[in-house]
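Asks: The structure is given below, and queries will be raised subsequently.
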Amino acid sequence: MWQGCAVERPAGRMTSQTPLPQSPRPGRLTMSTVVELNVGGEFHTTTLGTLRKFPGSKLAEMFSSSAKASMDAEGRFFIDRPSTYFRPILDYLRTGQVPTQHIPEVYREAQFYEIKPLVKLLEDMPQIFGEQVSRKQFLLQVPGYGENLELMVRLARAEGITARKSSVLVCLVETEEQDAYYSEVLCFLQDKKMFKSVVKFGPWKAVLDNSDLMHCLEMDIKAQGYKVFSKFYLTYPTKRNEFHFNIYSFTFTWW
């Protein structure tokens with residue numbers, strides 16, 4: 001990745017990192033200067049003013065007078081990012097038009113270029129609000145969610161080395177009081193010869209819907225390319241019947 005720009009091609013051979021003059025002469029480095037870009041192999045022509053529309057953005061910083069520019073063989077300013085989603089970014093900078101297609105991908109690029117007004121507009125759209133705002137806030141209530149998700153995958157892979165399918169049990173421990181009885185659950189599973197790899201989620205302080213949590217787990221595992229199916233396994237009441245534990249099974253199919 002590079003940062004910086006120039007506003008006109010200097011005479012002579014262009015180097016891959018060309019610094020801009022700190023004190024440009026009159027008529028140079030103006031907001032109306034035409035800039036030719038090569039973004040991931042796709043060519044764009046715009047103005048310096050468009051690229052600098054939001055001064056606090058990374059894109060504006062790339063084209064500041066104190067930065068350095070990466071050039072392609074034809075002397076265009078090169079940005080090593082996906083070209084498909086730069087066009088809607090550029091359209092927004094030119095006209096304020098909010099993208100209507102490929103929203104998650106454009107959102108990722110808007111974050112990279114740090115175009116905060118566009119990021120905020122996209123976060124208000126249903127595709128981003130549901131995934132990046134609502135679901136993210138939901139999962140933040142589950143301590144160690146990401147680490148436990150990785151543990152589930154590692155355990156399933158270890159068991160699946162010599163098998164077509166492997167399964168991991170997920171035990172939901174909702175409160176600190178329940179956590180004190182978790183060892184009882186493990187003993188029960190072992191006594192009934194149902195003991196498999198078990199991953200514990202919880203305890204947590206917020207009120208969560210267990211089915212929503214299971215849905216998130218299955219969705220995030222599938223997003224990594226795995227074939228997985230989850231289902232309710234059993235409910236285990238403690239010997240004192242003060243608490244019960246919901247246990248779910250996640251089955252991975254390998255071939």
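Asks: Are there any helices (runs of 4 or more DSSP H) wholly within the range 164-255 with 2 or more residues that are surrounded by fewer than 18 Cβ atoms within 10 Å (Cβ to Cβ) and in contact with a Pro (Cβ under 6 Å, 6 or more places away or on another chain), and if so which?
Replies: Ranges flagged: 176-179.
Asks: Of all residues in the range 82-96, which are open to solvent by 60 Å² or more (accessible area, probe 1.4 Å) and either in contact with a Pro (Cβ under 8 Å, 6 or more places away or on another chain) or closer than 16 Å to L37 by Cα (or both)?
Replies: T84, R87, R94
Asks: Next question, about the same structure. Evaluate the range 97-108: report whether one residue or more is farther than 26 Å from G225 by Cβ and within 15 Å of the chain's Cα centre (by Cα).
Replies: From the range 97-108, those farther than 26 Å from G225 by Cβ are 97-100; that's our starting set.
From the residues that got through so far, the ones that are within 15 Å of the chain's Cα centre (by Cα) too are none.
Within the range 97-108 (the criterion being farther than 26 Å from G225 by Cβ and within 15 Å of the chain's Cα centre (by Cα)), the answer is no, since none of the residues qualifies.
Asks: Which count do you get for residues in the range 56-81 that are assigned to a loop (DSSP other than H, G, I, E, B), surrounded by fewer than 19 Cβ atoms within 10 Å (Cβ to Cβ) and within 25 Å of the chain's Cα centre (by Cα)?
Replies: Here the count works out to 3.
Asks: Continuing with this model, one more query. Out of the residues in the range 146-163 that are among the hydrophobic types (A, V, I, L, M, F, W, C) and in a helix (DSSP H, G or I), state the one that is most open to solvent (accessible area, probe 1.4 Å). Steps first, answer last, please.
Replies: Start the filter on the range 146-163 by keeping residues that are among the hydrophobic types (A, V, I, L, M, F, W, C), which leaves 149, 151-153, 155-156, 158, 161, 163.
From what's left, in a helix (DSSP H, G or I): 149, 151-153, 155-156, 158, 161.
Working: L149: 17, L151: 56, M152: 0, V153: 12, L155: 50, A156: 0, A158: 64, I161: 137 Å².
Residue satisfying both the conditions and the ranking: I161.
Asks: Can you tell me which residue is farthest from the chain's Cα centre (by Cα) among those in the range 227-255 that are among the aromatic types (F, W, Y) and farther than 17 Å from L189 by Cα?
Replies: Looking at the filtered set, the residue picked out is W255.
Asks: Does K239 qualify as being within 20 Å of R154 (Cα to Cα) and of a type in the set (K, R)? Full working, then the answer.
Replies: Values: within 20 Å of R154 (Cα to Cα): no; of a type in the set (K, R): yes.
The answer is no for K239.
Asks: If you go through the range 110-125 one residue at a time, do you hit one that is open to solvent by 70 Å² or more (accessible area, probe 1.4 Å), within 25 Å of M219 (Cβ to Cβ), modelled with pLDDT under 95 and part of a loop (DSSP other than H, G, I, E, B)?
Replies: Yes: the range 110-125 contains one or more residues that are open to solvent by 70 Å² or more (accessible area, probe 1.4 Å), within 25 Å of M219 (Cβ to Cβ), modelled with pLDDT under 95 and part of a loop (DSSP other than H, G, I, E, B).
The values are calculated or read from the model by the stated rules, or taken from the named source; none is laboratory data. Not measured: the values here are computed from a predicted model. Note: ideal-geometry Cβ built from the backbone for every residue, glycine included; neighbour counts use all protein chains shown. Please note that ligands, DNA and RNA were not included when accessible areas were found on the heavy atoms of the full protein model with its side chains. Shrake-Rupley method; radii C 1.70, N 1.55, O 1.52, S 1.80 Å.
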